[in-house]
Amino acid sequence: MPDIDIVTPIHPAPALPLRARLAPLLMPHRLVMAALALAALAAIVTQMNWSWLPVYLPKIGHGLLVTLVLLGSSVAAGFALALPLGAVQVTGPAPLRWLANGFCTVIRGTPLLLQLWLIYYGLGALFAQYPEIRASWLWPYLRQAWPYGFLTLTLSFAAYQGEIMRGAFAGVPRGELEAARAFGMPRLMVFRRVWFPRAVHRALPTLAGEIILQLKATPLVATITVTDLYAVITRVRQDTFLTYEPLLLLIAIYLCLSGTLTIVLRWLEGRVPSGH
Amino acid sequence: MNDATPAVEIRDLHKRFGRLEVLKGISLTARPGDVVAVIGGSGSGKSTMLRCINMLETPTAGDIAIHGEDYKMRATRDGGLEPADRKQLQRIRAQLGMVFQSFNLWPHRTVLGNVIEVPVQVMGLPRDEAVARARQVLDRVGLAAKEDAYPSQMSGGQQQRCAIARVLAVEPLAMLFDEPTSALDPELVGEVLNVIRDLASEKRTMILVTHEMGFARDVASHVVYLKDGRIEEQGPPEQIFGDPRSPHLQQFIRSIA
């Protein structure tokens, strides 16, 4: 039996010289694949119709901004909600536990599109019936579509992430919390200094995936008249009668976004070494 | 309070888990400077007794006083006790350092981070002062070069020494060791025992639950043999190991040796 060394941390392999690193890429079949990909890209750029692009670029930029703001804000707010949702399911009193569990189950068990429409048409119509609300300072916002999109996306993210946080909170080894208590930490400090950071770190690997799922859920808000990236591209297609070019651009943008998110979150994850 | 005030005093301690009575009336006193070794077979209640001292387990009945101060307790509905004064509990706990069998370091913090955590967060020490003190105690346990390492990057022996440094940094009234070498590979036991031996020779108050009989014999000033939740025999190590009276203890020592 070889001795397995569990103590030494795994260090990144030492950097190879440039030639050695390039060698795998220069194998014949890979060269052929690369040539095909380049040819496809060249064909897309030269053979397809991109004349509309400069005209719509500002609108696309604005749509992209809407998508990113919606994503960022709903992830931040959803995550903030997910923490109590997860923690309460592990330690809370029974009624709170049931409430949180019920919320997560209902939201995760129904289509997001349905929730969006229910909240937009339902809540939106409900608000409109009350003169007090129509007269309030909130009304200029509540009569727009984006608050409902934001709310729905937030609740959805909170429910999925809440379930993950429940597992993460429950998975922190009892002994680490016990040590904190044994040194006289008050309960809130145990939570703040040990339980919470440990749970978040345990949840981090799945957080990247959840954020990307959330990114891919954002186009649904186009159905309630929020002009996000997807809505702008749909508009381009209607105006220009082009099908593929706008969609290809849309794919490229979403791919870039999810790629960037993956890299950033992986970097973040690597900054804190895991427990085991 | 004078020096004669016991650091830890346990009076008629009972602990029941459901229908199982683990501790059946234990009284034990550790005076400042005492090194009390608690030995006994598995299931004899020695860890439970130790964990009652800082209320990680709440006793079913009995009193515990730390440096002359009794824990304020109140009755629970199921006939046990629970700490009645959370502030007092936290204050007393902060004066007791515990070393666990499974180290229980905080893996998201470095060695230094683990050691300064309680001084800074609980005791309110300024950070630079805590760091200076932490470096001192890390040097004592031979981890001066490791302060930036994370627990997962260290061997079990190093982790346990870090856990001991974490306890030393709070300058506790008494140190509680819960089988500190039981989770270690045999070749790593020595380095941890050496650190504890050093501390014992400085007349620090310790209560030590251990399976290392030779070690207990060397460092303890007082040995307590637990059997089925009762103290069956206690005395100085020469007497317990050299001239055990109770047949159970005689058999226990034979089975270990």
Quiz prompt | Lysine pair number, Cα distance threshold 14 Å (strictly under), chain B, separation 8 or more or different chains | solution = 6
Quiz prompt | Label-to-label distance, nm, for residues given as B:Ser42 and B:Ser182 (7 Å Cα→Cβ offset) | solution = 0.8 nm
Practice problem: Take every DSSP beta bridge with both residues inside chain B and express the antiparallel ones as a percent of the total, to the nearest 5. | Solution: 60 percent
Self-check item: Given charges at Cβ of Lys, Arg, Asp, Glu: chain A dipole, positive-most of A:Leu255, A:Ile211, A:Gly86
Solution: A:Gly86
Practice problem: Filter the GluC sites (Glu not before Pro) in the range B:153-257 down to the DSSP loop ones having no more than 11 other Cβ atoms within 10 Å, then list what survives. | Solution: B:Glu202
Quiz prompt | Residues with amide H under 5 Å from that of B:Thr60, placed H, sequence gap 5 or more | solution = B:His14, B:Lys15, B:Arg16
Practice problem: Mind checking A:173-179 for the average number of partner chain beta-carbons within 10 Å of each residue's beta-carbon? | Solution: 6
Exercise. Be a star and scan the range A:225-241 for residues whose amide nitrogen sits under 16 Å from the point 7 Å along the Cα-to-Cβ vector of A:Tyr121.
Key: A:225-226
Quiz prompt | the range A:116-254 - charge dipole about Cα centre, Lys and Arg +1 at Cβ, Asp and Glu -1, debye rounded to 20 | solution = 540 debye
Quiz item: How big is the charge dipole of chain A about its Cα centre, in debye rounded to the nearest 20, if each Lys and Arg gets +1 on its Cβ and each Asp and Glu gets -1 on its Cβ?
Solution: 320 debye
Quiz prompt | Calculated FRET efficiency for the pair A:Leu68/A:Arg30, C-beta based, R₀ 30 Å, to 0.05 | solution = 0.30
Exercise. Go through A:31-41, B:56-66, B:18-28, A:81-91 and give me the packing order, highest mean Cβ count within 10 Å leading.
Key: A:81-91, B:56-66, B:18-28, A:31-41
Quiz prompt | Paramagnetic reach from A:Leu112 in the range A:61-95 [backbone N under 20 Å; point 7 Å along Cα→Cβ] | solution = A:63-83, A:85-86
Self-check item: Sites B:Lys87 and A:Arg97, calculated FRET efficiency, Cβ-Cβ separation with R0 45 Å, nearest 0.05
Solution: 0.95
Quiz item: How about A:Lys59: which lysines have a C-alpha closer than 27 Å to its C-alpha, ignoring those fewer than 8 places off in the same chain?
Solution: A:Lys216
Quiz item: When only the heavy atoms of the protein chains count and the probe is 1.4 Å, how do A:Glu245, A:Glu163 rank by accessible area, highest first?
Solution: A:Glu163, A:Glu245
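Return the percentage of antiparallel bridges among DSSP beta bridges fully within the protein assembly as shown, rounded to the nearest 5 %.
On the way: 23 of 40 bridges.
Roughly 60 percent of the beta bridges in the protein assembly as shown run antiparallel, per DSSP.
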Exercise. Quantify how strongly other chains surround peptide A:183-191 by giving the mean number of their Cβ atoms within 10 Å of each of its Cβ atoms.
Key: 6
Self-check item: Nonlocal amide H pairs with B:Met98, under 5 Å, H built at 1.01 Å
Solution: B:Leu176
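The values are calculated or read from the model by the stated rules, or taken from the named source; none is laboratory data. These numbers were taken from a predicted model, which means no experiment stands behind them. Positions of Cβ are backbone-derived with ideal geometry, glycine not excepted, and every protein chain shown enters the neighbour counts. Surface areas here come from the heavy atoms of the whole protein model, side chains and all, with no ligands, DNA or RNA. Shrake-Rupley method; radii C 1.70, N 1.55, O 1.52, S 1.80 Å.
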